[in-house]
Every structure is written in C-alpha cells, then in structure tokens.
Amino acid sequence: QVQLVESGGGLVQAGESLRLSCAASGSIFSIKTMAWYRQAPGPQREMVASITRDNITTYADSVKGRFTISRDNVKDTAYLQMNSLKPGDTAVYYCWIRDYWNINFWGQGTQVTVSS
C-alpha cells in the first residue's frame, strides 16, 4: 500500500503565499515523477506542476513565475511553493506520483482558498 499525505492548504488573501507538502509512504520502490493537480468545482482536474526524479519541472501557464515545485528524494516528499496567490487559484490540490513500475497514486487532496 502507498499513502500520500498532503498538508499546507488553507485560507489566505490574494497576494499571500502557501506551501503545500506531499509525503509518500508505504511500499514504494522508487518514485519517478511527482506532481500537483488541482480541481475547482467541476469535473476538470488540471495539472499544476510536475517534477521528475532528476528535477526536471513543468508548469501550467497559469502558475508560471508564481509557483515552484520541488522534491526531496530521501524523504519521498514533494513541495509546492505558491506565491502571489489569486482567487482563481482556489481549488482542491491533489498530489500525484508515478512509481518505478509506472503505477499512479493520488492523495486525498487539500483545500486552498484565496479570498479577494
């Protein structure tokens, strides 16, 4: 069993910052890619940022220059530093990983609410 535990969400005002963490535990041999997705009310889940084991990163255009993804391969933990938050960033943020066997896992999600 693999568990992803997210933390760091909350309610902030526009312009403020939050840092999300995602700690993976359980039967993990190696994590290839870690990512953050978000889902505002509605069916669409959007990829926010991803990072490979070699620290190659990708970002959604909407967060470039404001969000930074990083990871600690020893702790199997991913982070998402979110600066200059906007009301449009309000969503449930989900952690996602792909392991060595190309199996995907999702976290339970953490709510981020940005008030104007």
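What follows draws every value from the coordinates through simple rules; no lab data is involved. Computed from a prediction, not measured in an experiment: that's the story for all the values here. Cβ sites come from the backbone with ideal geometry, for glycine too, and all protein chains shown count toward neighbours.
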The chain: relative contact order in percent, alpha carbon pairs under 8 Å with at least 6 residues between:
36
If we count chymotrypsin sites (Phe, Trp or Tyr not before Pro) as exposed when they sit in a DSSP loop and have at most 10 other beta carbons within 10 Å, what is the longest stretch of the chain that avoids them all?
30-100
Please state the shape class of the chain: rounded when a/c is under 1.5, otherwise prolate if a/b exceeds b/c and oblate if not, all from the C-alpha gyration tensor.
prolate
Added length on full extension, which subtracts the Cα-Cα distance from 0.36 nm per residue, Asp61 to Val74:
1.8 nm
Please enumerate, by chain and number, the lysines with C-alpha under 19 Å from the C-alpha of Lys64, excluding those fewer than 8 residues away in the same chain.
Lys86
